[in-house]
Each structure stands twice: as C-alpha cells, then as structure tokens.
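The next block holds one structure in the form of structure tokens; read it before the comments.
No value in this document is a laboratory result; all are computed from the given coordinates. Please read all numbers here as calculations on a predicted model, not as lab measurements. For neighbour counting, all protein chains shown are included, and Cβ atoms are generated from backbone atoms with ideal geometry for every residue, glycine included.
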Amino acid sequence: MRAGFNLHHSDLQEFLFAPIWNEKNGTPLSILSALARLGMDPWGEAARLADMPRAGAASALAAILAKLPRSDPEVPDYVKISQDLVQLLPEGGSKPSDGAFGSGSGKRSMGAAGNIINIQNIGLMLALAVALIVLQVNGWLF
C-alpha cells in the first residue's frame, strides 16, 4: 500500500477520522477528508499539528478549516471546533507505528513512496534492456 494511504500513524487515527461537521446532505466531514480536499497530506498535517502546543495547533487548524468551501451561509465557530478537535491529538507529538514502511514522522512518509518509484524504475530499465538485447540479437538494431 502506498505511504499516502497507509495508516502508519495509528495514534493519529482518532483525530483524522473525527467529524468536523455534517455536510449539507447529512454526511459527516472528517478531518482526513477536509485536509485531502484542500490538497494537504492528512497524516503529515496531523503529525505537524500534534508536534505543536495545543493552542497553536488549534489556531492552525482553525485557519485550515476556514479555507474549506461551504454552501451554508452560517459561518461555523472555527476556533471552538478546532479547540475541541486538537484534544484528540496525541500529547507530545505523533509516534509512528511499526508498519511495513519503518519509522519516521509524517515529514518522512514520502520515503516509502520513493522506494516504490525506485522499484518501478528498476523494472522499467530491466524491461528496456531486455528489449534492446532482443532487437540487437535479431539484427534490428545497429
């Protein structure tokens, strides 16, 4: 599973899957979905917030939530919502789980994706080398 989809920060799950509010259709919007909608890495951002003091994390989260598009004319109390949600963050920062991709903070989560890309590149280079050998052996190259 790609690092971006791996639940490698299990201590962040309670925070990431917490509902922020209900959408117009009644579906709860989770923090994970909100961060993804804004093009942010949910696990990386949650780890960053967990490393901050609670007041700073609440302020940062309120600023993030304020960027979410809303069709409702009523503006939610982003500060109050954020203060409640940051209580779900682990104290003292996030601790990575012992997953298949090793240890590291959210900032290092792209390492696993980089390994996948490297493996794919090696496979492509090997296939290209085999194709070139076949072409050369059959006299179609050079």
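Structure notes:
- In terms of its C-alpha gyration tensor, the stretch 34-98 comes out oblate, because a/c is 1.5 or above while a/b does not outweigh b/c.
- Fewest-first ranking of Val134, Val79, using other Cβ atoms within 10 Å as the exposure measure: Val134, Val79
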